[in-house]
Amino acid sequence: TTAALGLGAAACGGAAPPPPTVQLPVDATRAGPPAADPFAHAAASADPGPIPVTRDDPSWGSPNAPVTLVEFADFQCPFSRRVAVTLKALRDKYGSDQLRIVWKNEPLAFHPLAHGAHEMAVAAFARRGDAAFWAFYDSVYFTDRPFSTELYRDAMLAAGVSPADVEAERARADAKIDADAALGK
């Protein structure tokens with residue numbers, strides 16, 4: 001059984017996440033007539049299907065893990081910070097062979113510092129890869145410090161990214177942030 005789950009920033013006012021998508025193996029040895037199409041509800045409910053994951057998305061864990069969890073979150077959202085604690089517990093419990101977590105940007109308009117923080121995170125990923133992105137993520141979410149320009153600057157430096165890197169990646173970062181947010185909606 002493989003599963004793809006999506007988490008959203010609905011608690012902070014974002015769009016509700018799509019329902020979980022679960023793909024079940026087909027058992028060709030079952031006796032009896034075939035059951036009605038168990039996925040017929042997807043077409044009727046306009047279910048968009050699995051959430052696309054590309055190499056432009058920061059991820060943790062193996063691409064071959066049986067469960068991929070896609071997180072849509074905001075770097076200035078206190079609820080996203082709380083979800084990060086739960087995701088860390090899942091990472092610790094299941095490990096990278098059983099769980100993959102994929103990040104999608106969803107900065108909310110009413111969080112004035114969020115977009116800039118997302119630009120820094122995208123720049124960290126673009127310049128230095130997954131490890132730098134997750135260093136930024138951990139620096140923002142696993143602290144008692146309030147969300148602030150100083151927190152994001154320190155997280156950027158912890159990820160090994162400079163302000164010049166962020167500026168050089170700004171156009172690409174803005175396009176990625178906009179695409180992720182549109183997908184989240």
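A few notes on this one:
- When 83, 102, 70 are checked against the criterion of being outside any loop (DSSP other than H, G, I, E, B), under 23 Å from residue 52 (Cα atoms), in contact with a strand residue (DSSP E or B) (Cβ under 7 Å, 6 or more places away or on another chain) and open to solvent by 10 Å² or more (accessible area, probe 1.4 Å), 83 stands alone in meeting it.
- For segment 107-129, the criterion of being assigned to a helix (DSSP H, G or I) and either of a type in the set (Val, Ile, Thr) or more than 22 Å from residue 149 (Cα to Cα) (or both) is met by at least one residue.
- Whichever residue in segment 156-169 is within 21 Å of residue 130 (Cβ to Cβ) and not small (Gly, Ala, Ser) and, among such residues, is most open to solvent (accessible area, probe 1.4 Å): 157
- Residue 94 being touching a strand residue (DSSP E or B) at 6+ places or on another chain (Cβ under 8 Å) and open to solvent by 80 Å² or more (accessible area, probe 1.4 Å): yes
- Condition met for residue 158 (of a type outside the set (Ser, Thr, Tyr), in contact with a Phe, Trp or Tyr (Cβ under 9 Å, 6 or more places away or on another chain) and within 18 Å of residue 106 (Cβ to Cβ)): no
- Per the listing 172, 153, 145, 128, the residue uniquely surrounded by fewer than 20 Cβ atoms within 10 Å (Cβ to Cβ) and in contact with a helix residue (DSSP H, G or I) (Cβ under 6 Å, 6 or more places away or on another chain) is 145.
The values are calculated or read from the model by the stated rules, or taken from the named source; none is laboratory data. Computed from a predicted model, the values in this text were never measured in an experiment. For neighbour counting, all protein chains shown are included, and Cβ atoms are generated from backbone atoms with ideal geometry for every residue, glycine included. Surface accessibility is based on the protein's heavy atoms, side chains included, excluding ligands, DNA and RNA. Shrake-Rupley method; radii C 1.70, N 1.55, O 1.52, S 1.80 Å.
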